[in-house]
Amino acid sequence: MSELRNKTVLITGGAGILGRRIVRSLLDNGGRVAIVDVNAEVLVAFTAELEREGRTDAARGPGRWSAHAVDITDLAALRDLQQHLRTVWGDIDVLINNAAAKSPNFFAPFHEFPLQDWEMVFETNVTAAMQCCQVFGHAMAERGEGSIINTLSIYGIVAPDQRIYEGSIYEGRAINTPAVYSASKAALWGLTKYLAAYWGARNVRVNAVTPGGVESGQNDTFKMRYAARVPMGRMARAEELPGTFVYLASDAASYVTGQNICVDGGLTVW
Ligand SMILES: NC(=O)c1ccc[n+]([C@@H]2O[C@H](COP(=O)([O-])OP(=O)(O)OC[C@H]3O[C@@H](n4cnc5c(N)ncnc54)[C@H](O)[C@@H]3O)[C@@H](O)[C@H]2O)c1
């Protein structure tokens, strides 16, 4: 429960499916959490849940979280956020680059995938994560301490088996994993390793977590086809992911950098 005491964590995409789980786990382990998400509506709904759970907002009284409707592709907004958080809590100790974008034509076939969708996904998944590192990671390097955790995907490591998408439905439509998703996550892994080396001597650790597919309302056909690809024979449950983020954020991982921990039921071993 005290793993993250006195640590301030900033998580992007903090109001998403995994983000919400990670935020709760960070709070349960004693961290202060700045929750950043571009979707103000889901952010408000999530923070209402936190209020109902009796976890008060730092801005309104004793509490350990604050919520920020910020688009992380906006470098000036990131710098403003940094200034604001400095006045409230001081510098950020842990940055979790967890946001990922789904563009309007995300499920378009490869040969028709619009360039503007490609650029939008890359801008969020890679460029904005890099900007967060420029702003918050650089401040860590100057202080000589910090941890950055990038959320990757199994499809940045291995290619999706196209057969799992036959008859698969999610949120009412047929799904696949576009090439831009794989390419952007692979790029984020490259950035992870680069910065681990770049800031190693400054005691800023840079690691990655690779989640496997999380069960979140996919139809039975998809769940069955996906599960058949996984040594453990099932999709991940969202609550199985946050522990690895807490570990990498904490001092228990003080000599761990440049690593990618796959929390995928073994999918990437074969
Ligand atoms: N859910 C899975 O099965 C799964 C599997 C592997 C990897 N991942 C990765 O885990 C992370 C979280 O996934 P999720 O399932 O919670 O997705 P999600 O779509 O539920 O959450 C992503 C969040 O990022 C936010 N976001 C998007 N663009 C942003 C921007 N420009 N500025 C700020 N916030 C922005 C969205 O509003 C959303 O709330 C992602 O990086 C995703 O690629 C998820």
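Quick notes
- Residue check for VAL256: within 27 Å of VAL204 (Cα to Cα) and in a loop (DSSP other than H, G, I, E, B): yes
- Filter pass, SER168 being modelled with pLDDT under 95, polar (S, T, N, Q), crowded, with 18+ Cβ neighbours inside 10 Å and more than 10 Å from the ligand (Cβ to nearest atom): yes
- Residue match in region 132-145 (condition: surrounded by fewer than 21 Cβ atoms within 10 Å (Cβ to Cβ) and within 13 Å of the ligand (Cβ to nearest atom)): no
- ALA141 vs. criteria touching a helix residue (DSSP H, G or I) at 6+ places or on another chain (Cβ under 8 Å) and part of a loop (DSSP other than H, G, I, E, B): no
- Which listed residue, of SER250, SER254, SER216, is polar (S, T, N, Q) and either loosely packed, with under 13 Cβ neighbours inside 10 Å or closer than 15 Å to VAL158 by Cα (or both): SER254
- Any chance LYS185 is within 14 Å of the ligand (Cβ to nearest atom) and in a helix (DSSP H, G or I): yes
- Within region 225-270, the set of residues being within 19 Å of the chain's Cα centre (by Cα) and among the acidic types (Asp, Glu) comprises GLU239, GLU240, ASP264.
- Scanning region 48-101 for residues that are among the polar types (S, T, N, Q) and farther than 24 Å from PRO211 by Cα returns THR56, SER66, GLN82, GLN83, THR87.
Okay, residues lined up against (1) in contact with a helix residue (DSSP H, G or I) (Cβ under 7 Å, 6 or more places away or on another chain); (2) closer than 27 Å to MET120 by Cα:
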site: LEU43; (1), (2): no, yes
site: ALA48; (1), (2): no, no
site: GLU53; (1), (2): no, no
site: ALA67; (1), (2): yes, yes
site: ARG79; (1), (2): yes, yes
site: GLN83; (1), (2): no, yes
site: THR87; (1), (2): no, no
site: PHE106; (1), (2): yes, yes
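- HIS111 meets each of the listed conditions (1) more than 15 Å from the ligand (Cβ to nearest atom); (2) at pLDDT 95 or above; (3) part of a helix (DSSP H, G or I); (4) under 18 Å from VAL9 (Cβ atoms) apart from (4).
- Selection count where residues are part of a helix (DSSP H, G or I), away from the ligand (no atom under 16 Å from the Cβ) and among the charged types (D, E, K, R), scope region 53-101: 2
- Which numbered condition THR87 misses (of (1) without any contact (Cβ under 8 Å) to a residue 24 or more places away in the chain; (2) surrounded by 14 or more Cβ atoms within 10 Å (Cβ to Cβ); (3) among the polar types (S, T, N, Q)): (2)
- So GLY13, is it more than 9 Å from the ligand (Cβ to nearest atom) and at positive phi: no
The values are calculated or read from the model by the stated rules, or taken from the named source; none is laboratory data. In this text, all values refer to a predicted model and were calculated from it rather than measured experimentally. Positions of Cβ are generated from backbone atoms using ideal geometry, with glycine treated the same way; all protein chains shown enter the neighbour counts.
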